[in-house]
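The structure appears right after this line, and notes come after that.
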Amino acid sequence: MPRETPDQAVQRVLAKYGVSARIVRPWSAVQETPPSGDKGVPILLAGSPGVALVLDRDYWVLASTKPGGQSASWILNPKDEQSGLNIFVDEDVHDRSDETLAKEPGFTRITRTTGTVDGEAVTWRRWSDENHLYSDCTVWLSAKNDPAKQKHRVTLMVTANTEERRRALEEHLAFLQLSASTAELGH
């Protein structure tokens with residue numbers, strides 16, 4: 001009997017909680033080490049709007065679909081499972097307050113640092129607990145090639161096992177872009 005891959009396991013667990021998710025980029029297609037000399041691995045996520053980003057390494061991807069068929073969120077993880085990224089577009093994300101986070105076992109403290117996503121200023125909220133290092137931010141972005149220039153709420157949540165991996169994801173997310181069509185993104 002074939003062993004369940006990490007992407008299949010996450011898909012199965014989400015289904016138990018009533019969340020429908022499909023594998024967009026399978027675990028089996030992910031390269032374990034980043035290509036040497038490259039500035040990152042380009043990833044295109046189809047949706048309305050679509051998302052284009054270049055990450056520090058290759059990631060497998062699950063898309064969570066809302067009723068009506070629009071992809072609203074993505075879960076990304078590399079093969080080594082030392083970091084992870086959740087991207088939510090136009091989705092009402094259950095934000096956890098600073099006070100709620102402070103109740104987690106092993107909680108350290110919350111700090112804030114500035115950054116950018118697609119040229120827009122953001123504040124990364126950073127913390128850790130007994131399991132991981134975390135950061136999150138929310139930014140309003142227009143999709144490239146959208147004549148209406150509609151703004152979309154984008155929430156980014158980073159999970160990492162080392163400060164280096166958390167920082168690498170935050171820095172690479174500076175180049176995230178939305179597009180009315182992923183075919184229109186030039187990466």
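Scan TRP60, TRP27 and give me the residue that is more than 14 Å from the chain's Cα centre (by Cα) and either of a type outside the set (S, T, N, Q) or modelled with pLDDT of 90 or more (or both).
Working: TRP60 fails: more than 14 Å from the chain's Cα centre (by Cα).
Sole residue among the options that is more than 14 Å from the chain's Cα centre (by Cα) and either of a type outside the set (S, T, N, Q) or modelled with pLDDT of 90 or more (or both): TRP27.
Please verify whether GLU130 is within 30 Å of THR33 (Cα to Cα), modelled with pLDDT under 90 and not hydrophobic (A, V, I, L, M, F, W, C), treating the condition exactly as stated. So GLU130 passes the test.
The strands (runs of 3 or more DSSP E) found entirely in region 79-187 that carry 1 or more residues being in contact with a helix residue (DSSP H, G or I) (Cβ under 9 Å, 6 or more places away or on another chain), crowded, with 18+ Cβ neighbours inside 10 Å and without any contact (Cβ under 8 Å) to a residue 40 or more places away in the chain are 120-128, 133-142. Scanning region 102-122 for residues that are under 27 Å from LEU62 (Cβ atoms) and either at pLDDT 90 or above or in contact with a Cys (Cβ under 6 Å, 6 or more places away or on another chain) (or both) yields GLY115, THR116, VAL117, ASP118, GLU120, VAL122.
The values are calculated or read from the model by the stated rules, or taken from the named source; none is laboratory data. All of these numbers come straight from a predicted model, not from anything done at the bench. No Cβ is skipped: glycine too gets one built from the backbone with ideal geometry, and neighbour counts run over all protein chains shown.
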